[in-house]
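No value in this document is a laboratory result; all are computed from the given coordinates. For clarity, every value in this text was computed on a predicted model and none was experimentally measured. Heads up, the Cβs are rebuilt from the backbone with ideal geometry, glycines too, and the neighbour counts pull from every protein chain shown.
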Amino acid sequence: MTAPILTARGLRAVAGESVLLDGIDLDVTPGSVLAVVGRSGSGKTTLGYALQGQGRPGIALSGSVRLHGSSSGELSAGELLGRTDAERRRLRTGVTAMVPQHPQAVLNPMRRIGAALRELAALSQSRRSARGEAVRTALAAARLDPSVAGRFPHQLSGGQQQRVALAQALITRPGLVVLDEPTAGADPVTTSEIADTLADLVAGGTALVLLTHDLPLARRLADSTIVLHDGRVAERGDGASPLEAPDTDHGRTLVGAEARLEAPAPRSAGPRRSVLVADGVGYRAPRGATLLSDVNLTVRAGACVAIVGRSGAGKTTLARGLAGLTPFDSGEVRWGEHPLPPSARRRSAPQRRHVQYVHQDARGGFDPRRPVTHQIARTAELLRGLPRPQARREAEDLLAHWGVGPEQARRRPEQLSGGQLQRAAVVRALLARPAVLVCDEVTSALDTVTRTDLLTTLADLRSTQDTAVVLISHDLAVVTALAEEVHVLDGGRLVETASPDALLTAPRSRAAAELVTAMQHHHIPGDHMRHHHGRWRAPDGSSEPQAQPVPEPGV
Amino acid sequence: MRAYAARRLGAGLLQIAAVVTIVHLLTSVLPGDAAVVVLGENATDAQREALRASWGLDRPWGEQFLDWLGGLVHGDLGTSLRTGRPVTADLADELAGTAVLAAVTLACVIPLAVVLGVVSGARPGSRTDRTLNTALVILHAIPEFALGMFLVAVFALEWGWFPATAAGLSGFSLAEQPAVLVLPVAVLVCTRLCALARQIRIGVAEAREAEYATHLRVLGVPERTVLLRTVVPNGLAPAVQQVARTVDGLLGGVVVVEALFGLTGVGAGFVEAVKARDLPVVQGYAVLFVVTTVVVNVAADVAARRLVPQREVVA
Amino acid sequence: MRTVRCGRPAGAVGSAGAAGPAGAVGSAGAVCTAAAWVVLGAVLLVAVAGPLVAGSTRSEAGPLLPPGPGHPLGTDVLGRDVLALALTGGRTVLLLAGASLALAYLVGVPLALTMVGHSRRWVDEAVLHGLDTVLALPGLLVLLVLASTGEQHAFGVVVAVAALQLPAVVRLARSAALAPACRTVVETMVLQGEPWWRIHLWHTGRAVLAPVAVDAGTRLILVLQLIASANFLGLDLAGSTADWAVLVERNRDALVLQPLAVLVPAGLLVALCAGANVVVDRITRSSRMPRARRLRWFRWWFRSAPARRDEEMAG
């Protein structure tokens, strides 16, 4: 048993009244991967910084975090907490480093990548020539092209920025790297590439602490796993065992959320009328880039249609165009025989009722000064002409049906969680009794459990209300479980339309193949979950999902 | 980059053209009583009309404007109604005086503002910061002429350290008697310092708290290095346009200070021409000011664009 | 996904809830704030209520008499009682400044909101470029040009000064209305079927009020300074004879003989401007905003770089 590189005992983080972390014990051995999984708000980011001995402003740390590492050839053992900043820095350099959650924000917008990396290299290398060498090595380890060194951060894509942040962490050759949500918000191909890079790192001897709610990533890489809940260790085990055979409720909730996706049968059988047709629509950005060209799409009543593609493929542009928020430059959108005006401002009330849209950023769509119910009820007041008290009652009822109680709903948006606000946004759109509901990446900001809840309830709409749902997402796994028809966008063009089964087993276009490969690669086929006909199967072979208790809508 | 510079320059030229036209229109069409000023209150209407006709002021505006534009292209700004000499005659002398004043002021303001801004921004909320901020806020509010009055009353009249006026000195001879410049420059520096120092302070304070700076600290870079090599450059970049605005403000301040201290300069000349309703001089000098303003702003915009890379929206 | 709020700057950088003296100004600072309030209150009282209690401002006694019976502060160069002049001289400048500011906001804010609510981009750009022509010009010079036309109405001054503030006000309101979070709420309201005026005037207007209020405080000082400086230069735009700034100008040659005639009105002006500026500064500092947001608001005030409209998200 090799000596661990990092040990934490009784780690506690307190911010004023609330306890963010309570009594965390963990060990990380060199060259291994510790995965820390948990829902949003369980304390993962705080833990990540605490393992560096760094408290964020307003957070007080106590307990013990010891680093044992070789820094420039000498063995040093040091307690990180209770030291001055300067001492901590000296202890950390060359032993441990961190890659934070939003890489774009941590890159200096005014400096070229190479210059910034050289400055970091100066921490461990005193000779100029050695610094250049260190920069090259770090870029290679992060799988970045050396030409990146001459560019500014804003000239790189999101994935490349992620890697630059990784290179920054790797440049002092630390034995341990802490990564906070490395794959959050990334499309499947990028996720898969990041996972490959990390696997290479581990193979090269670097230990990783992976803070993530991306369970497939954890399964792929972890040598030991910890489930974090409310700041405490709920479960721990070797490999990814807490994720495969969870012992506690918390573990089961996390894992169960993945497997519960089951698309209910649509309400009416037989051929259904089309409710929305996009005919040859296209859009050019004001400065000239063509974001969408010649897309044809038909949405039928009660259908669940998914639009997938990599970031930048044009999915949001298409979704917003259907709703009238970004008017198409060419082509037309039709309802039955009549074309809909491209801009929502020019649409009549019945036309606005016909197509509704739910934004990705739910919190941004609410006026912070008014109660949530009042804002939601406006839809019913304005588009259906209901008197105000009746509209508000209906809004409250529907919201309660979706899991947000009337007490909660009457508060201001600040006091509701992200998941609750997202539901409220969907209810606001539903109050118009739309024929088509366009949901734009509504789940990417949510953790696994909340995401599954929301999507399942959305899928229910098809059977209860005959509302067609258009789902925009880059998470192929989720939409293929729910959708009847999947459209793949690439570079602004619709490259493939297929049923989920056909897409997953035999994708025809290159873009689709890329996405499918990445998804499957990421979800380690064969071990614990079997993919069969587009439905997930539990390990015991039954196709019915296990009956799971419905978790409380998250606060 | 080049496209932006070209566009900005084009916009600047359009701006100059528009303002010059408006100035000429305003001053020609709205009757100024230049004739009254020259002839006195007791002149008859006939005499006034005769004088105006001799100046060519009774022609339609379009004709006057084109005539003037033609002269402008050749560098001829017209003839002063008051003195009968070409407008450009006194211009060189006055330009030198103002240039000396402006140059000395900028040479004092910019370094001082950088130092004050960085010192405050590096420790936002500290006692130094708060004291400096209050002092600057107070100084910024004081009108130039009021501050000038007080400085003259105390330093020139009461204590006799510096001369109260610079009457009789012009152009580069100002540089030979630097004592004359001390009070005017002090007034200008005090009133212009605040805006620039505050902008720098804000930039530095933001850069200091920015996530990229915090992350560098987490990665182990010493605080001093973070400050000098990341925070200060990032903090100064947004202040480039503020420098342009400082120069703009300087143009206004120079007018007041020259009038107050009796310096010979473009500003004083302009005020005299305005009081005498000497239209060609007013028009000529207005063109000069506008061109200077636009050139400075275009340069600042282009420099800012170069220094602060544009953030593209990444999907 | 960063969470942002409508009406406040997008993407607040830095730690939320920064620990430290956010809002706590310290005992010395508290004394300073109290002093500023007292000074401002006193000057406003003098300016507003002064004319009611002042004695005669006609020239009755000999010129430039020292303080004595009948005129506690002496007389000025025209033989008028300095105390009476000081009491009556504040009204004009306050009224003019207040009226100009009100006009600028009453025109500028709805204009900005309409521009933002308009669906056509080129209208937006055209108006903005048009206003930019004026933005770069130093205000004093515009007033000087105006003065050279010989017009002397208070109304003309008010309109001119308001027009000078208009570009900055429009940019500020527009930039507040274009904050990304604002856009999401606006889009949601469009989908809900809200009428145009309710979205763009009532809702966005409310969101824009906060930055506008901050700006108003600081812009008042600018306008005061502008009008006072113009009066000092002898432009006498509104034709008033007892304005504080006019007093300073008239009596400045007699600074040696009768300093009170100059220093009293100048001091009142300084007290007004400085007191108001410190008070406004304290109010914005002590409001319950995280420092990062407050810093962003000041950046708006200083910056005139075009607020970019958000490009539509790709993908």
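Converting phi to 3J(HN,Hα) with the Karplus coefficients 6.51, -1.76 and 1.60 and the offset θ = phi - 60°, the range A:427-441 yields 4, 4, 6, 5, 4, 7, 6, x, 7, 10, 10, 9, 10, 9, 6 Hz in sequence order, with x at every glycine or proline. Shape class of chain B from the Cα gyration tensor (axes a ≥ b ≥ c, square roots of the eigenvalues): oblate, since a/c reaches 1.5 or more and a/b does not exceed b/c.
Across peptide A:209-221, what mean number of C-beta atoms from other chains lies inside 10 Å of a residue's C-beta?
Working: counts 0, 0, 0, 0, 0, 0, 0, 0, 0, 0, 0, 0, 0.
Mean partner-chain Cβ count within 10 Å for A:209-221: 0.
Here the range A:134-186 and the range C:173-228 have alpha carbon centers that stand 40 Å from each other. Among A:Lys315, A:Lys44, the ranking by other beta carbons within 10 Å of each residue's beta carbon, starting with the fewest, stands as A:Lys44, A:Lys315.
Shielding value for B:17-28 is 3, the average number of Cβ atoms from other chains within 10 Å of each residue's Cβ. Sorting A:233-245, C:55-67, A:212-224, B:278-290 by average packing, meaning the other beta carbons within 10 Å per residue, from highest down gives B:278-290, A:212-224, A:233-245, C:55-67.
Using the Karplus relation 6.51 cos²θ - 1.76 cosθ + 1.60 with θ = phi - 60°, the per-residue 3J(HN,Hα) values for the range A:112-127 come to 5, 4, x, 5, 4, 5, 5, 4, 5, 5, 4, 5, 10, 10, 8, 8 Hz, with x marking Gly and Pro. Between the amide H of A:Val442 and those of A:Ile472, distances stay under 5 Å, these residues lying 5 or more places away or on another chain, with hydrogens modeled in the peptide plane. Counts of other chain beta carbons within 10 angstrom of each beta carbon in peptide A:355-367 average 6. Along the range A:382-394 the Karplus relation, 6.51 cos²θ - 1.76 cosθ + 1.60 evaluated at θ = phi - 60°, assigns HN-Hα couplings of 7, 8, 10, x, 6, x, 4, x, 5, 4, 5, 5, 4 Hz to successive residues, with x for each Gly and Pro. Can you tell me the FRET efficiency between B:Arg127 and A:Thr137 if r is taken as the Cβ-Cβ distance and R0 is 45 Å, rounded to the nearest 0.05? With R0 = 45 Å, the Cβ-Cβ based efficiency is 0.45.
From the helices alone, meaning DSSP H stretches of at least four residues, give me the mean residue ellipticity at 222 nm for chain B, per-run term -39500 (n - 2.57), in deg cm²/dmol to the nearest 500. Before the final figure, lay out each step's value.
Details: 14 runs with 228 residues, N = 315.
Theoretical 222 nm ellipticity from helices: -24000 deg cm²/dmol.
Would you please put A:331-344, A:358-371 in order of how densely packed they are, using the mean number of other Cβ atoms within 10 angstrom per residue and starting with the highest? Mind dumping the intermediate values first?
Working: A:331-344: 16.1, A:358-371: 22.0.
The packing order, highest mean first, is A:358-371, A:331-344.
One Cα centroid belongs to the range A:210-239, the other to the range A:455-523; the line between them spans 28 Å. Averaged over residues, the count of other Cβ atoms within 10 Å places the peptides B:181-187, B:122-128 in the sequence B:181-187, B:122-128, highest first. In chain A, helices alone account for a calculated mean residue ellipticity at 222 nm of -10000 deg cm²/dmol, with every DSSP H run of four or more residues adding -39,500 (n - 2.57). As a proxy for reagent exposure, A:Leu454, B:Leu69 were ordered by neighbouring Cβ count within 10 angstrom, fewest first; the result is B:Leu69, A:Leu454.
Placing a label point 7 Å from the Cα of B:Ala107 along the Cα-to-Cβ direction, the residues of the range B:236-280 whose backbone N falls under 18 Å from that point are B:247.
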